[in-house]
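The values are calculated or read from the model by the stated rules, or taken from the named source; none is laboratory data. Only a predicted model underlies this, so the values are computations on that prediction, with no experimental measurement involved. Quick reminder, even Gly has a Cβ in these numbers, built from the backbone with ideal geometry, and neighbours come from all protein chains shown.
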Amino acid sequence: MKVTLIGAGSREFAGKMVRDLLLSEPIAAKGLDIVLMDIAAEPLAEMEAYTRGLVERLGHAASVSATTDLDVAVAGADFVITAIERNRYHYWSQDFTVPRKYGFAQVYGENGGPGGLFHALRQFGPLLEIARAIERLAPDALFLNFSNPEHKVCEAISRLTPVKVVGLCHGYFYGVRQISAFLDMPADRLELPAAGINHFTWFQAIRDKETGEDLYPRLRELESDANWVSDWHEIGLSRILFRRFGLWPSPSANHIGEYISWADDYVPAQLQYFHDPADGSPWREGAETPEWFYEIRFADTDRPFHAPSAGAMLDTSLDDDTSIEASEELAIPIIEWVACGVERDLPAVNIPNRGAIPGLPDDMVVEVPAKVDNGALVPLPMDELPTGILAMVQLQGAIHKLLVEAYVEQSKAKLLQAILLDPIVDNHNRAVAMLDEFLTLQADALPPLR
């Protein structure tokens with residue numbers, strides 16, 4: 001079995017996938033050929049050395065190779081797993097900051113909001129290049145994508161190529177842990193079907209697997225009595241959405257808030273790429289990208305006044321002492337079911353709807369539970385979402401469709417339509433000015449637009 005990891009220079013992504021692959025007994029029984037691919041040769045070599053060391057440490061029979069050539073990496077692959085970004089923190093600093101500069105209350109900027117649209121446009125080209133290489137050289141391969149914005153890039157790939165693509169994210173498990181903590185019950189005892197789009201999913205039921213009891217009434221009672229300050233960064237917004245719309249959302253406040261115009265009331269102060277604008281543009285030639293913080297609570301505000309900047313968030317260590325444990329990611333469970341016939345729980349995958357969520361287009365990429373049928377991933381049928389939740393998700397589907405059309409048609413007008421539909425955007429003239437600034441700042445990474 002040939003499994004190709006693209007973006008293998010990433011310590012966090014590739015390290016996790018390599019460990020998961022090598023810990024899988026069903027895959028080992030098939031025989032495993034791991035191919036590591038990245039355009040950055042130095043971190044790729046480091047990951048190759050780590051992988052070979054892990055193979056030896058585990059006494060595994062897997063073969064390992066590395067290449068910077070996409071065609072070589074993809075040719076004949078059974079599975080292609082991808083996580084890529086281009087100059088991540090530089091461009092993210094613009095995605096997160098520029099919309100707020102124009103007065104739009106965007107609480108984050110990775111998957112939703114105007115920043116998420118430009119993030120997606122930068123990702124379409126490289127990911128479609130990979131998809132078309134798969135189409136030419138490994139047409140039967142399954143493309144497992146971890147690259148964000150998950151739903152937008154998977155929609156582009158599934159609409160524009162015949163490649164079998166599935167988007168994967170661990171956001172679902174954040175919500176599982178939140179509900180488990182509220183109910184004070186182990187997560188593996190809970191049945192938690194969820195539906196929606198990536199970073200904006202909703203638990204349609206909460207049941208006790210052992211007794212079949214509906215636990216939503218208990219969650220409502222416990223949430224109503226809970227201290228408001230508890231875990232505010234993570235679930236303050238989730239609790240308000242739960243009260244207003246009746247279902248618990250996932251994953252966490254800053255991600256969910258990307259899709260909601262009033263989320264800034266429930267997401268703590270923004271520090272993510274803080275800078276003083278009076279000092280000049282942080283993206284001018286010679287300037288350093290502002291420091292990145294996922295949330296203000298993770299910032300080391302106790303540092304000395306004249307300590308050097310910590311820089312961007314670093315990938316995890318590849319030290320030999322790193323524990324060899326399987327992650328909760330779903331890539332390897334999918335491979336085990338598709339290639340080895342081992343049925344696994346797949347509670348959250350991003351694939352075309354195909355009727356799974358009533359009221360949404362068949363070709364819209366949604367995040368739902370899935371199963372493998374005749375070697376293919378198929379979504380499980382879900383209940384109808386409440387009207388208010390369905391309306392929010394439908395709007396995002398329209399934005400995604402316009403964004404793909406803007407890319408295909410190289411249409412600035414279609415992109416502006418998508419921007420103006422976004423619930424974060426509340427002014428036409430400022431939206432046009434923001435669009436023009438993005439096109440200037442990111443000209444070297446965005447597709448041509450007319």
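Count of region 244-302 residues, restricted to those that are crowded, with 16+ Cβ neighbours inside 10 Å and part of a helix (DSSP H, G or I), is 11.
The condition (being under 19 Å from Glu367 (Cβ atoms) and either modelled with pLDDT under 90 or within 18 Å of the chain's Cα centre (by Cα) (or both)) is satisfied by just one residue among Ser250, Ser238: Ser250.
Residue-by-condition table, conditions (1) over 30 Å from Asp33 (Cβ atoms); (2) modelled with pLDDT of 95 or more; (3) touching a Lys or Arg at 6+ places or on another chain (Cβ under 6 Å):
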position	(1), (2), (3)
Glu325	no, no, no
Val342	no, yes, no
Leu346	no, yes, no
Asn353	yes, yes, no
Pro358	yes, yes, no
Asp363	yes, yes, no
Leu377	no, yes, no
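Going by the structure shown, is Ser180 within 26 Å of the chain's Cα centre (by Cα), crowded, with 16+ Cβ neighbours inside 10 Å, within 27 Å of His119 (Cβ to Cβ) and among the polar types (S, T, N, Q)? No; evaluated as a whole, the condition is false for this residue. Scanning region 199-228 for residues that are more than 29 Å from Asn148 (Cβ to Cβ) and of a type in the set (S, T, N, Q), we see that the one that is surrounded by the fewest Cβ atoms within 10 Å (Cβ to Cβ) is Asn227. Put simply, of Val74, Val80, Val107, Val64 the only residue that is modelled with pLDDT of 95 or more and either of a type in the set (Phe, Trp, Tyr) or closer than 30 Å to Gly196 by Cα (or both) is Val80. Residues that are crowded, with 21+ Cβ neighbours inside 10 Å and either in contact with a helix residue (DSSP H, G or I) (Cβ under 7 Å, 6 or more places away or on another chain) or part of a loop (DSSP other than H, G, I, E, B) (or both) within region 85-98 comprise Tyr91, Gln94, Asp95, Phe96, Val98, listed in sequence order.
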